[in-house]
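What follows is a set of notes on a single structure, which appears directly below.
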Amino acid sequence: MRKIRMGMVGGGEGAFIGAVHRIAARMDGEIELCCGAFSRSAERSIASGKTFYLNEERCYATYQAMFEQEALRNESDRMDMVVIVTPNHLHFPVAKMALEYGFHVLSDKPATLTLAEALELQTLVESTGQLYGLTYTYTGYPMVKEAQQRVALRELGEIRKVVVEYPQGWLANTDGDDGKQAAWRLDPAQAGISCCMGDIGVHASNLAEYVTGLDVTDICADIAGSVDSRAMDDDGTVMMRFNNGARGVLLASQVCIGEENSLKLRVYGDKASLEWSQMEPNSLWMKFSNKPSQLIRCGVGPMSSLAEANTRTPAGHPEGYLEAFANIYKNFAGQIQARLQGQPASEVALDVPGIREAVRGMAFIENVVAASHSKLKWHRFTLEPIQP
């Protein structure tokens, strides 16, 4: 047993999400950052690497140079995996080269710029045999996993209705208020065909499918930009039908002034319902028609083995965003450790969003954009690329 050696593409000094990834990777002491190509600028990449206490020889000017040079290193110290924390347009080329050079990949979402790229990535994952994971962060919360397990055990009965909402307010005014974070998300060349749905709507869709175990089969969508100078969407609503006949609605918006990161999921069955909010992540409400509602608190009393395995602190200590992120890293590291030891991965380690979720996420984005542009009401959810 040894630490998993990680390389990073993007996420240089001062980048918000890069710092989050590094904290999450360090949290359990199972992963160490050993190299990186942290910026498009060679000078900034090397400077960032030094700040992270890396040897200058392993601070690379480009990700291409990193993969080429790391592949030549001795097995005793070369990286095992790469994490991709760049704008969307680089996710696919970086992942493709990493897989081809024999490295496992953990990527920020969405997986690629287009669904066609995601399908090609799926083929690459299958042909190379390398591990692939995606940081759909909210699936890492213990109480989200508890909700998923209770649905799977049919404690809610037959699922009838799913409501998921993700309102934010940070893009409510002008494009420039949040600098680089807003600039690339509102640039189709870097973000793809959607800003809001590609940035947060895809999180909401993934959460709904993860907890319910259902697949979206049909959608009706309305997305738009709310600022006159903005070509990309910043707000949208999607009605959904699922493969068991359940109906659902998804609201995603970045122009809801006063909202922070208000992701909330409600799942209604014919026996009971569940409600979880990212703003109060240690709580899971279970409600009934014939008895008082039940508040399930993280760490209090028995929970599912999956939730317990992803719980880090005693009751009363919030299991927050960084811990949820770290659970994805811990479980992905568990998959790599199992591979190194020639053993099957544990059930917990396998609970990481992978290439299937990558493809469905990109399909969600393209299906929503196409449905919103159409005059037809309902559209079959397809996993085939949609021509604009």
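Taking loop as defined by DSSP and a crowding limit of 15 other beta carbons within 10 Å, which trypsin sites (Lys or Arg not before Pro) in the range 92-197 fit? Let's see the in-between values first.
Values: sites: 96, 145, 150, 154, 160, 161, 180, 185; in loops: 154.
In loop regions of the range 92-197 (DSSP not H, G, I, E or B), the sparsely surrounded trypsin sites (Lys or Arg not before Pro) are 154.
Stretched out fully, how many nm does the piece from residue 51 to residue 222 gain, at 0.36 nm a residue minus the Cα gap?
On the way: separation 171, 0.36 × 171 = 61.56 nm, distance 4.46 nm.
Using 0.36 nm per residue and subtracting the Cα-Cα distance, I get 57.1 nm.
If R₀ is 41 angstrom, what is the calculated FRET efficiency for the pair residue 378 and residue 127, using the beta carbon separation as r and rounding to 0.05? Mind dumping the intermediate values first?
Working: r = 36 Å, r/R0 = 0.87.
Taking R0 as 41 Å, the efficiency between residue 378 and residue 127 is 0.70.
Please report how far the C-alpha centroid of the range 126-145 lies from that of the range 228-293, rounded to the nearest whole angstrom.
Their Cα centres are 21 Å away from one another.
FRET efficiency for residue 340 and residue 149, Cβ-Cβ distance as r, R0 = 30 Å, nearest 0.05? Don't skip to the end; give the middle numbers.
Numbers: r = 29 Å, r/R0 = 0.95.
E between residue 340 and residue 149, to the nearest 0.05, is 0.55.
Going by average Cβ density within 10 Å per residue, which order do the peptides 23-32, 370-379 take, highest to lowest? It would help to have the intermediate numbers written out before the result.
Working: 23-32: 17.7, 370-379: 13.5.
Most protected by this proxy first, the peptides run 23-32, 370-379.
Sorted by mean Cβ packing within 10 Å, highest first, what order do the peptides 129-138, 340-349 take? Display every interim value, and only then the final one.
Working: 129-138: 22.6, 340-349: 12.7.
Those peptides, ordered most packed to least, come out 129-138, 340-349.
Which three semi-axes in whole Å describe the equivalent ellipsoid of the range 193-335, each the square root of 5 times a Cα gyration tensor eigenvalue, listed largest first? Could the numbers behind the result be given before it?
On the way: eigenvalues 167, 83, 49 Å².
The equivalent ellipsoid of the range 193-335 has semi-axes of 29, 20, 16 Å.
Using the charge dipole of the chain (Lys, Arg: +1 at Cβ; Asp, Glu: -1 at Cβ; taken about the Cα centre), state which of 129, 283, 10 has its Cα farthest towards the positive end.
Toward the positive end, the furthest listed residue is 283.
Find the percent of Cα-Cα distances in the range 108-154 that exceed 11 Å, and round it to a whole number.
Working: 796 of 1081 pairs.
More than 11 Å apart: 74 percent of the Cα pairs in the range 108-154.
Once you wrap a convex hull around the alpha carbon atoms of the range 8-138, what is its projected area averaged over all directions, in nm²? Intermediate results must be reported in sequence, preceding the final value.
Working: hull surface 31.2 nm².
Over every viewing direction, the Cα hull of the range 8-138 projects on average to 7.8 nm².
I need two numbers for the range 221-291: Rg to one decimal and Dmax as a whole number, Cα atoms only, in Å.
Gyration radius and largest Cα-Cα distance of the range 221-291: 15.7, 52 Å.
Beta carbons within 10 angstrom, averaged per residue: use that to sort the peptides 310-319, 117-126, highest first. Before the final figure, lay out the partial values.
Working: 310-319: 15.4, 117-126: 18.5.
Per-residue mean Cβ counts within 10 Å order the peptides as 117-126, 310-319.
Which whole-angstrom value gives the distance between the alpha carbon centres of the range 317-346 and the range 62-103?
Taking the Cα centre of each part, the range 317-346 and the range 62-103 sit 20 Å apart.
Treating only the Cβ of Lys, Arg, Asp and Glu as charged (+1, +1, -1, -1), what charge dipole size does the range 161-280 show about its Cα centre? Round to the nearest 20 debye. Please list the in-between numbers first.
Working: 9 positive and 19 negative charges, 91 e Å.
Result for the range 161-280 is approximately 440 debye, rounded to the nearest 20.
If all Cα-Cα distances of the range 268-379 are sorted into 5 Å bins from 0 onward, what percent lands in each bin, rounded to whole numbers?
Going from the shortest bin to the longest, the percentages are 2, 9, 12, 14, 15, 15, 13, 10, 6, 2, 0.
Determine, for the range 55-205, the count of lysine pairs separated by eight or more sequence positions (or lying on different chains) whose alpha-carbon distance falls under 21 Å. Write down the numbers at each step before the final one.
Values: 96/109; 109/145; 109/180; 145/161.
Counting lysine pairs in the range 55-205 gives 4.
Lys and Arg at +1, Asp and Glu at -1: add these up for the other residues within a Cβ distance under 9 Å of residue 272 and post the number. List each step's numbers first, then the result.
Numbers: positive: 150, 271, 287; negative: 155, 270.
The answer is +1.
Label-point separation (nm) for residue 64 and residue 43, each offset 7 Å from Cα along Cα-to-Cβ?
2.2
I need the helices of the chain that pass two filters: whole DSSP H segments spanning 18 Å or more by Cα along the axis, and mean Kyte-Doolittle score no lower than -1.0. Walk me through the numbers on the way to the answer.
On the way: long enough: 115-128 (20 Å, 0.49); 321-341 (30 Å, -0.14); 355-373 (28 Å, 0.51).
TM-like helix candidates: 115-128, 321-341, 355-373.
Dipole size in debye (nearest 20) for the range 69-226 around its Cα centre, Lys and Arg Cβ +1, Asp and Glu Cβ -1? Before the final figure, lay out each step's value.
Numbers: 11 positive and 22 negative charges, 56 e Å.
In total the dipole reaches around 260 debye.
Considering the options 305, 262, 328, tell which one lies farthest towards the positive end of the dipole of the range 215-336, charges being +1 on Lys and Arg and -1 on Asp and Glu at the Cβ, about the Cα centre.
Of the listed residues, the answer is 305.
For the range 203-262, what Kirkwood radius comes out of the mean inverse Cα-Cα distance, in Å?
Hydrodynamic radius (Kirkwood, Cα only) of the range 203-262 equals 12.8 Å.
To the nearest 20 debye, what is the magnitude of the charge dipole of the range 119-211 about its Cα centre, counting +1 on the Cβ of each Lys and Arg and -1 on the Cβ of each Asp and Glu? Each step should come with its number before you reach the end.
On the way: 7 positive and 12 negative charges, 72 e Å.
Result for the range 119-211 is approximately 340 debye, rounded to the nearest 20.
When we measure straight from the Cα of residue 3, which lysines land under 19 angstrom away, once same-chain ones fewer than 8 places off are left out?
Leaving aside lysines fewer than 8 places away in the same chain, those within reach of residue 3 are 330.
Looking at the chain from every direction and averaging, what is the projected area of its Cα convex hull in nm²? All intermediate terms of the calculation are to be shown ahead of the outcome.
Numbers: hull surface 77.9 nm².
Hull-based average projected area comes out at 19.5 nm².
At each listed q (0.17, 0.18 Å⁻¹), what is the log10 of I(q)/I(0) that the Debye formula gives for the range 63-201 modelled as equal alpha-carbon point scatterers?
-1.05, -1.10
Want the number for residue 350 to residue 19: 0.36 nm per residue separation, take away the alpha-carbon distance, what's left? Display every interim value, and only then the final one.
On the way: separation 331, 0.36 × 331 = 119.16 nm, distance 2.48 nm.
Roughly 116.7 nm would be gained on extension.
For the range 28-100, what is Rg from Cα atoms divided by 2.2 N^0.38 Å, rounded to two decimals?
Working: Rg = 12.0 Å, N = 73, 2.2 N^0.38 = 11.2 Å.
Against the empirical 2.2 N^0.38 Å value, I get 1.06 for the range 28-100.
Values in this text are rule-based calculations from the coordinates and carry no lab data. Every value quoted in this text rests on a predicted model; they were computed, and no experiment measured them. Cβ: placed from backbone, ideal geometry, glycine included. Neighbour counts: every protein chain shown.
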